[in-house]
Amino acid sequence: MNNKVVVLENETEAAELIRNYLSEIEDIELDKIYTDYDEGVEYCKNTKPHIVIYSTTENKITNKNIITQLADKNINTIVLSSNYTTNLVIEALRYGAKDFISKPIIKKDFINSIKKCCKEMVKTINKSNIISIYSNKGGIGKTTIATNLAVEFARQTREKVVLVDLNLPLGDITTFINIKPSVTITSAIETATHKGAEAVFNACKQYKDTSLYVLAEPIYMEESHTMTPTHIYKLFEYLRESFSYILVDVGTNVDKTNIKILELSDLILLVSIVNLPLIRNCQRCLDLFNNLCFDENKTKIIINRYLENDEIKIEDVEKVLNQNIYWKIPNNYFTIMSSINKAMPVCEINENSNVTLSFSGLASKLTEDIIAKDFIINQ
Ligand SMILES: Nc1ncnc2c1ncn2[C@@H]1O[C@H](COP(=O)(O)OP(=O)(O)O)[C@@H](O)[C@H]1O
Ligand SMILES: [Mg+2]
């Protein structure tokens with residue numbers, strides 16, 4: 001079957017060049033070239049071509065709507081631009097573009113990009129990132145961070161995001177965002193063993209009408225004892241097939257199940273608070289990760305409940321841990337407590353509060369870093 005391509009290009013010469021190059025690629029059929037982008041986007045939304053080539057002359061993706069509208073319809077968009085800056089590339093990819101090619105078009109790069117896009121369509125497994133939120137101490141803000149970050153990931157990327165409560169046996173995500181799932185993680189594991197990825201996806205409960213889903217904690221404490229590292233492996237393999245971002249609220253115990261999920265994670269957000277015993281704990285976790293031979297770039301340190309005028313300075317913490325602090329979330333007891341008591345994410349309590357802005361900034365920094373990393377790996 002041929003892959004249909006629609007081109008949005010208003011420069012005649014470039015459009016002709018694209019037509020010629022496309023004619024040289026097997027299994028590709030040029031459907032239409034549009035100079036009027038609104039008309040072109042409408043056509044794409046109705047006919048769903050496999051690939052759209054979208055040429056822009058802007059030096060900012062001001063017309064982000066085109067990319068997001070196409071991404072919402074699961075149409076692969078390749079952006080062409082004479083403005084090839086890192087920021088522009090990241091911005092385009094964040095809005096859902098599959099690739100970015102600089103202009104003037106180099107034939108080899110163009111053909112490779114189209115072929116790569118076709119190959120990825122064949123591969124049904126999405127690129128997917130597991131992000132674990134971890135601390136070996138309770139009460140530090142792990143669930144607060146995991147929940148609010150997951151809401152932000154879904155809001156910003158519009159991709160499918162799942163929030164998994166592995167805080168066994170006493171998870172509490174469902175009470176943080178008031179969700180009542182019919183299936184919990186233990187039954188999802190049983191489902192995974194017998195029924196596969198689609199059934200696991202169906203076990204995840206959608207949060208309102210967003211692209212965020214939740215895989216809830218077990219209802220009964222004793223249920224969690226049946227979980228093994230093999231179960232975890234299988235479950236997350238299936239989740240990777242359905243979700244772009246998998247956020248995990250990991251338990252505090254250093255047991256086999258938790259080590260398995262930390263091992264499987266693409267990123268670990270190690271949460272701490274600026275006080276001596278907790279920094280010491282954070283150091284212990286870093287030593288553990290080092291002993292487990294985790295890639296040192298995999299762990300990012302997040303300081304929660306940060307106060308500007310704290311006695312211990314961030315630079316001191318960085319010196320002790322011998323690692324930069326990736327992000328600081330301000331201390332805001334009032335907004336966080338109000339969010340927990342009302343069972344809503346902080347952005348629904350106060351969209352301008354310092355914690356809301358901080359979660360939003362953290363999600364955006366993480367997606368940028370993830371996209372930049374994937375982009376480099378795929379070059
Ligand atoms: N940024 C913050 N500012 C103020 N208080 C916070 C913040 N983050 C968390 N808290 C407080 O810490 C408590 C524990 O948070 P929680 O997310 O349940 O931690 P954990 O999951 O690590 O046990 C919350 O009840 C809340 O009062
Ligand atoms: Mg918790």
*Packing-based exposure ordering (other Cβ within 10 Å, fewest first) of Phe110, Phe153*: Phe110, Phe153
*Would you list which lysines come within 20 Å of Lys195, measuring only between C-alpha atoms, while excluding same-chain residues fewer than 8 positions from it?*
Lys205, Lys234
*Compute log10 of I(q)/I(0) for region 12-106 with the Debye formula, placing one identical point scatterer on every Cα and leaving out solvent, at q = 0.11, 0.13, 0.15 Å⁻¹, to two decimals.*
-0.29, -0.41, -0.56
*Under a point-charge model restricted to the Cβ atoms of Lys and Arg (+1) and Asp and Glu (-1), what is the dipole moment magnitude of the chain relative to its Cα centre, in debye to the nearest 20?*
440 debye
*Among Gln283, Thr228, Tyr238, whose Cα lies farthest out toward the positive end of the dipole of region 166-290, if unit charges sit on the beta carbon of Lys, Arg (+1) and Asp, Glu (-1)?*
Gln283
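So, counting K/R as plus one and D/E as minus one, what does the shell of residues with Cβ under 10 Å around Ser81 add up to?
On the way: positive: Lys103; negative: Glu58.
Local net charge: 0.
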*Out of residues 5 or more away from Val164 or on other chains, whose amide H comes under 5 Å of its own, with H placed 1.01 Å from N in the peptide plane?*
Leu215, Leu247, Val248, Asp249
*Reachable lysines from Lys48, criterion Cα separation under 22 angstrom, eight or more residues apart if same chain*: Lys4, Lys32, Lys64, Lys73, Lys98, Lys115, Lys116, Lys119, Lys123, Lys127, Lys160
*Most fluctuating residue of Thr85, Thr174, Thr68 in a GNM of the chain with Cα springs under 10 Å: which is it?*
Thr85
*Kirkwood hydrodynamic radius of region 58-117, from inverse mean 1/r over distinct Cα pairs, in Å*: 11.6 Å
_Tell me the Rg and the Dmax, in Å, that the Cα atoms of region 126-232 produce._
13.5, 37
*In a solvent-free Debye calculation with one equal scatterer on each Cα, what is log10 I(q)/I(0) for the chain at q = 0.08, 0.11 Å⁻¹, listed in the order of the q values?*
-0.46, -0.83
*Given the rule -39500 (n - 2.57) for each run of at least 4 DSSP H residues, summed and divided by the residues of the chain, what is its mean residue ellipticity at 222 nm, to the nearest 500 deg cm²/dmol?*
-14500 deg cm²/dmol
*Can you give me the three principal axis dimensions of region 237-379 from its C-alpha atoms, in Å, biggest first?*
40, 37, 33
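No lab work stands behind these numbers, since they all come straight from the coordinates. These figures come from a predicted structure and were not determined experimentally. We place every Cβ from the backbone using ideal geometry, glycine too, and count neighbours over all the protein chains shown.
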